[in-house]
Every structure is written in C-alpha cells, then in structure tokens.
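Here's the structure we're looking at; comments come further down.
The values are calculated or read from the model by the stated rules, or taken from the named source; none is laboratory data. Every value quoted in this text rests on a predicted model; they were computed, and no experiment measured them. Cβ atoms come from the backbone with ideal geometry, glycine included; neighbour counts cover every protein chain shown. Each accessible area value is taken on the protein alone, full model and side chains, heavy atoms only, with ligands, DNA and RNA left out. Shrake-Rupley method; radii C 1.70, N 1.55, O 1.52, S 1.80 Å.
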Amino acid sequence: MIDNAVMILNGKGGVLKTTLSAQLAGLAALSGWRVLAIDLDQQGNLARDLGYMDQSDGGRNLLDAVLGEEPLTPLRNVRPDLDVIPGGPHHVRLYREIAAGTGGGLVPTYDELDSVLAPVAAKYDLVVIDAPPGGEAIHLAALTAARWLVIPTQPDQGSIDGLASVFRALNSVRKSTNPGISILGIVLGPIGSQATRLRAETMEHLQSILSSQVEVFERTIRAAQLVAVQCRQHGLLVHEYEEEAAQETPWYKLSKEERKARRTFSGAASGLAEDYQVLVQTILERITAIFAAEELDDDA
C-alpha cells in the first residue's frame, strides 16, 4: 500500500471521476502539496482536463515500467508542484498483463502497480489515482496500491448502483492484498444548484444504503455543463477558468468586430470553483489529520 495515495473510483462512467481527480490534484498542488497524478484510464482524459495532450505518451511508460522494460518517469510540471503519469490506449495491454499475471506468473497478484509506483510516490506528498470505470483486474491492482478511496456518484440510480461494484472490489482487497484501505468519503454531483429536494433525497438515500462508517461529503458539486465543456476544451481547471473569465474585457468596451470574436464564459464558474475548493479542502484536511495522528503515535 502507498500510504499517501488516494484513488477516485466508481464502477460507472461519466460520474466526475476524471474531473474530480484533476481538481483534487491541481488544487492540492496550488496549496503547496507536491502531487503526482496517475491516469489509469485507457481514454486518457486526464490529459484533456490538465492540458497536456501534446505531451502524453498514451500510457506507454507505465506499461513498460510494469513489464520491467523502462523506469517509471512522470511527466514533470504539468502545473507547479504537479507531475503526471499519463494514461491512454497502451493501458489496454496493461489491463491484460495485470489480469494474466505479469512476469510469467500463473495467476495475477495485483501488486504490479504498487511495486512500480511506490518508489516514485515516496517523493510526493499526495498521489491521486484516476481509475477507469470498468475492468476488475485494474481496479484490484489500483485498490491494492491505494490507501484511501473517494467515490463520486450522480443522483441517478444507475450511478448509485455503480457503488455496489466498488464495494465488492473493496471487500475483496481488504481480505487479501490491502486490508488497510479505507474510504475518505462519497462525492455527490453534478447536481443542479436549485435542486435542493433532489439533493436532500439523494443524500438520505445514500446514507440509508451505506455503512455508518462511510460518509457522504456535505459539499456537493453543482451542474455547470458549459464550464465543464470549456474547461476540458481548453485544458483548464475550474479556478483557472474562473480567473480567465474575470480578466475578460466587458462586452460593452469592445468594438463590434471584437464582440464577434469574444470568447463566451459561463457565469456559473465562480460557484463551481467554490464547490471544488471546499471539497478538496475537506479531503486534504482529513488526510492531514490522519498524518498528524500517525506522527503522534510514532512519537508516543
């Protein structure tokens, strides 16, 4: 187990996994944490969210490292204090290798990622793992490596049903390869800022089906589709998008020609940026408290 690694996982796609991974990694780095983000998804969309598509190797380096052919070498300084191990199409083979058992093993051990990532992860304050929506073997390998789990979900029943596959995998690794892994919390979103009844009903439903030891974060992530689309299009985190919007010249100060070429920003950026900032602050505070308690135990 990598003792500073947080995994973002849900068994269903399209539930903010990659976006949340990017926001957590980026905001933690902005706060002065030394962060490594790891993209385990074959789609490699973390590169779009963080704007390094032209530098991504499509997951080749991680595959080669697991196969023992190359050292693991993160992509440096995607943001100040933020390095990345890219994902992409090479992960299709990575999944197969892990499922089959690398190194000529007859059965998978699911420790391949832990073994490769641990020496590199030790150089960072926080490791954020963006997991794919499907693939039992890669989930088990990533859960073997991670210390904490954050689970995003939308309010629809299909997304909530995706939690079941996460808990099955979690229970499996707790009984075998990683008994120390725990859940930091569940994130609800995107959900309309005016949908207060839906939010309350979903929160109540989640708490009714979860163990008392699993908390749903109080801060939910509001729906802001234009912000989400434009952030991914331009490789911006939400607070970066908000800053660009604030610096935009007001339309009434522009000529007619300039208005036609003017980029349109969503007014929802400020609220969405606040959602992520509050949520990430809560996550980092919980991790910091755990580290502090462990230091006290060591000193005792």
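Some points to look at:
- Overall shape of the range 163-250 was characterised from the C-alpha gyration tensor. The equivalent ellipsoid obtained from it has semi-axes of 34, 19, 10 Å, in decreasing order.
- For the listed peptides 178-185, 42-49, a ranking on the average number of other beta carbons within 10 Å per residue, highest first, reads 42-49, 178-185.
- Each 10 Å bin, from zero up to the one with the longest distance, holds this percent of the alpha carbon pairs of the range 108-234: 11, 37, 32, 18, 2.
- Dipole magnitude of the chain, debye to nearest 20 (Cβ charges: Lys/Arg +1, Asp/Glu -1, about Cα centre): 1080 debye
- Of the residues Asp83, Asp114, Asp156, the one that moves most in a GNM of the chain with alpha-carbon contacts below 10 Å is Asp156.
- Listed residues Leu163, Leu226, Leu16, most fluctuating in the chain (Gaussian network, C-alpha, under 10 Å): Leu226
- Rounded to whole Hz, the Karplus (6.51, -1.76, 1.60) HN-Hα couplings of the range 218-234, x for glycine and proline: 5, 6, 9, 9, 6, 7, 8, 4, 4, 4, 4, 5, 6, 4, 5, 4, 9
- Angle in degrees between helix 269-299 and the longest Cα principal axis of the chain, rounded to the nearest 10: 30 degrees
- Nearest-ten-degree value, helix 136-145 long axis tilted from longest Cα axis of the chain: 90 degrees
- Semi-axes of the equivalent ellipsoid for the range 76-175, Cα gyration tensor, largest first, Å: 22, 20, 14
- Amide H within-cut-off set for Ile129, under 5 Å, with H built and near neighbours excluded: Val6, Met7, Ile8, Ile38
- Comparing mean-square fluctuations of Ile138, Ile151, Ile191 from a GNM of the chain with C-alpha springs under 10 Å, the top value falls on Ile191.
- For Arg222, nonlocal amide neighbours, meaning residues 5 or more places apart or on other chains whose placed amide H falls under 5 Å from its own, are Ile191.
- Across the chain, the volume of the C-alpha convex hull divided among the residues equals 144 Å³ per residue.
- Gained length - Ala200 relative to Asn171, 0.36 nm times residue gap less alpha-carbon distance: 7.6 nm
- Values of log10 I(q)/I(0), in the order q = 0.26, 0.28 Å⁻¹, for the range 1-66 under a Debye, Cα-only, solvent-free model: -1.35, -1.39
- Sequence-separation-based contact order of the chain, relative, with Cα cut under 8 Å and 6+ spacing, percent: 23 percent
- Cα gyration tensor, the range 127-181 - rounded (a/c under 1.5), prolate or oblate: prolate
- Cα-based helix-to-principal-axis angle, 157-174 vs the chain, degrees rounded to 10: 30 degrees
- Global form of the range 1-117, assessed from the alpha-carbon gyration tensor, a/c cut-off 1.5: prolate
- Among Val6, Val78, the order of accessible area from largest down is Val78, Val6, computed with a 1.4 Å probe on protein heavy atoms.
- Residues whose amide H comes within less than 5 Å of that of Ile2, counting only those at least five positions distant or on another chain, are Ala146, Arg147 (H built at 1.01 Å from N in the peptide plane).
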